[in-house]
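Peer 1: The structure's right below; bear with me while I get my questions together.
The numbers here are math on the coordinates, done by the rules we state, and not lab data. Because the structure is predicted, anything quoted here is derived from the model rather than measured. With ideal geometry, Cβ positions are generated from the backbone for all residues, glycine too; neighbour counts draw on all protein chains shown.
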Amino acid sequence: MDPLQQYEDFANAALTALSAATDTAAVEAARIEFLGKKSGRIKTLQDLLGKATAEQRPALGAKFNEVRQRVTAALEARQQELAKPKASLTGIDISLPGEQIRLGRRHPLTQTMDEFRDIIGRMGFTVAYGPELEDEWHNFEALNIPADHPARDPLENFYLATAQAVSGGPVLLRSQTSTVQIRVMEKSKPPIRIVSLGRVYRPDTIDATHSCMFHQMEGLMIGSDVTMAQLKTTLRLFATTYLGRDVTIRFRPSFFPFTEPSVEVDMSWGQGWMEIGGAGMVDPNVLRAVGFDPEEVSGFAFGFGIERFCMRRHNIKDIRRFTENDVRFLSQF
Ligand code: DAH
């Protein structure tokens, strides 16, 4: 066959293979097949050139160079094309500016709890956690709440029938974070200074200020000489740090089985007062239940509703907003 024709055939075959190659691996395969240094088909063309007579050589040499350049150029062009983003393949023009990404934010209650931990942490309280599924010992008995206390009415609590069958004893969704007081005291020795933040559950009728699930911050301080004055100072400092100096708190005498004396705590709100939780000096029966000697140690405890603080701070009128998952509400914080 005419060597010039063989050169032309080589070029045509190489260009066809390159334009059929749709990815870089296929282009590389074509490069090796045609231009490969060791066994590429271009070697045959070189051999032809070697065998050519002196008269043939100038024309053949020129053709060889021309063919090699053409195939090399086509190879490079194909390589570049495939390296470019495939706008036409996906229909997306990635050179256009993208849609603006809207960043999410922390839920207002999460923000409140983070700030609570921060403020109370500066007063030396560390954070403890407890389970949301509780037994009656931690939710009631160790807290000096006897079996006939109205708070233990099954209709006032979420008892779990199946969990009960597994554990042997009654199990309920905790109705208060005071459970964590017991769990901490069972495991540690005084002095103790902890808070615990988390969810509690009660079958309350849901309205603007009540929910069947809400959050509490429990506090506990145990030492050799803890006083009610320290309790009041801690709560006043805490409330004014979170809500501002114009907030006043007041104590009203009250009753809780796990504190003696007990108080209810209110904060000023507009012309009136809003209850924010309970507090008191830890009842000797509670100290005994966890193996502490009431003659040796004393302590204070408090429990706050976290939603109420957040509502006052941000002027939120309805507690249901927190759980409706409405972005128009959530994006304001
Ligand atoms: N556990 C109480 C409740 O959920 C609140 C409370 C009152 C907690 C007095 C305390 C306390 O630690 O001392 O209603």
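Peer 1: Per residue of the range 30-36, what does 6.51 cos²θ - 1.76 cosθ + 1.60 with θ = phi - 60° give for ³J(HN,Hα)? Whole Hz please, x for Gly and Pro, Karplus curve as stated.
Peer 2: 5, 4, 5, 4, 9, 10, x
Peer 1: Can you tell me the equivalent ellipsoid semi-axes for the chain? Use √(5λ) from the Cα gyration tensor, largest first, whole Å.
Peer 2: The three semi-axes for the chain are 83, 23, 20 Å.
Peer 1: Note down the nm distance, to one decimal, between modelled labels 7 Å out along Cα→Cβ at ASN325 and at GLU115.
Peer 2: The answer from the label model is 2.6 nm.
Peer 1: Subtract the Cα-Cα distance of SER254 and ASN12 from 0.36 nm times their separation in residues, and report this length gain in nm to one decimal.
Peer 2: 77.3 nm
Peer 1: Show me, for the range 296-307, the HN-Hα J-couplings you get by feeding each phi into the Karplus relation (A = 6.51, B = -1.76, C = 1.60, θ = phi - 60°), rounded to Hz, glycine and proline as x.
Peer 2: Calculated HN-Hα couplings, in order: 9, 10, 9, x, 10, 9, 8, x, 10, x, 6, 4 Hz.
Peer 1: Next up: Based solely on C-alpha atoms, express the radius of gyration and the Dmax of the range 215-301 in angstrom.
Peer 2: 13.8, 45
Peer 1: May I ask for the angle, rounded to the nearest 10°, between helix 42-51 and the longest principal axis of the chain, with both axes built from Cα atoms and the value confined to 0 to 90°?
Peer 2: Roughly 20 degrees between the two axes.
Peer 1: From the Cα gyration tensor of the range 131-224, with a ≥ b ≥ c the square roots of its eigenvalues, which class applies: rounded if a/c is under 1.5, or else prolate if a/b is larger than b/c, or else oblate?
Peer 2: Taking the square roots of the gyration eigenvalues as a ≥ b ≥ c, the range 131-224 is oblate.
Peer 1: Right, another one. With a cap of 15 neighbouring Cβ atoms within 10 Å, and only residues DSSP puts in a loop, list the GluC sites (Glu not before Pro) found in the range 209-313.
Peer 2: Filter output for the range 209-313: GLU295, GLU296.
Peer 1: Restricting to Cα pairs below 8 Å that are 6+ residues apart, what does the relative contact order work out to for the chain? Please round to a whole percent.
Peer 2: 14
Peer 1: Using only the Cα atoms of the range 3-83, each taken as one equal point scatterer with no solvent, compute I(q) by the Debye sum, divide by I(0), and report log10 of the ratio at q = 0.10, 0.20 Å⁻¹.
Peer 2: -0.24, -0.83
Peer 1: Which pairs in the list LYS63/LYS84; LYS38/LYS63; LYS37/LYS63 are over 28 Å apart, alpha-carbon to alpha-carbon?
Peer 2: From LYS63/LYS84; LYS38/LYS63; LYS37/LYS63, over 28 Å: LYS63/LYS84.
Peer 1: Largest first and to the nearest Å, give the Cα extent of the range 98-166 along each principal axis.
Peer 2: On the principal axes, the range 98-166 reaches 61, 37, 23 Å in Cα extent.
Peer 1: Distance between the C-alpha centers of the range 197-254 and the range 312-333? Whole Å please.
Peer 2: 21
Peer 1: Hey, another quick one. Express the Stokes-Einstein translational diffusion coefficient of the range 76-207 in µm² s⁻¹, to the nearest whole number, given a Kirkwood radius over alpha-carbon pairs, 20 °C and a viscosity of 1.002 mPa s.
Peer 2: D = 108 µm²/s.
Peer 1: Give, as ranges by residue number, the residues of the range 163-204 whose backbone N falls under 13 Å from the point 7 Å along Cα→Cβ of LEU133.
Peer 2: 163-174
Peer 1: Based on alpha-carbon positions alone, could you give the equivalent ellipsoid semi-axes of the range 1-143 from the gyration tensor, as √(5λ), descending, whole Å?
Peer 2: For the range 1-143, the ellipsoid semi-axes come out as 76, 19, 14 Å.
Peer 1: Follow-up. Calculated FRET efficiency, ALA208 and THR22, Cβ-Cβ r, R0 51 Å, to nearest 0.05?
Peer 2: After rounding, the FRET efficiency stands at 0.20.
Peer 1: Here is a follow-up. Would you mind giving the three semi-axes, in whole Å and largest first, of the ellipsoid equivalent to the range 144-284 according to its Cα gyration tensor?
Peer 2: Rounded to whole Å, the semi-axes are 28, 21, 14.
Peer 1: I need the phi-derived Karplus couplings for the range 213-225: 6.51 cos²θ - 1.76 cosθ + 1.60, θ = phi - 60°, integer Hz, Gly and Pro marked x.
Peer 2: Ordered by residue, 3J(HN,Hα) equals 9, 8, 10, 10, 10, 9, x, 8, 10, 10, x, 7, 8 Hz.
Peer 1: If you don't mind, there's one more thing I want to ask. Angle between the Cα long axis of helix 57-83 and the longest principal axis of the chain, 0 to 90 degrees, nearest 10?
Peer 2: 20
Peer 1: Using alpha carbons only, how many degrees (0 to 90, rounded to 10) separate the axis of helix 228-243 from the longest principal axis of the chain?
Peer 2: Once rounded, one gets 40 degrees.
Peer 1: In nm, what is the difference between 0.36 nm times the number of residues separating ARG57 and ARG102 and their Cα-Cα distance?
Peer 2: Value of the extension gain: 9.2 nm.
Peer 1: Note down the magnitude of the dipole of the chain about its Cα centre, charges +1 on Lys and Arg C-beta and -1 on Asp and Glu C-beta and zero elsewhere, to the nearest 20 debye.
Peer 2: 1540
Peer 1: Please build a GNM for the chain, connecting alpha carbons under 10 Å apart, and tell me which residue among THR227, THR126, THR22 fluctuates the most.
Peer 2: The residue that fluctuates most here is THR22.
Peer 1: Quick one: among VAL200, VAL27, VAL166, which has the greatest mean-square fluctuation in a GNM of the chain with alpha-carbon springs under 10 angstrom?
Peer 2: Looking only at VAL200, VAL27, VAL166, the largest GNM fluctuation is found for VAL27.
Peer 1: Let me ask you something else. Under a crude label model (7 Å from the Cα following the beta-carbon direction), how far is GLU66 from ALA29 in nanometres?
Peer 2: 3.2
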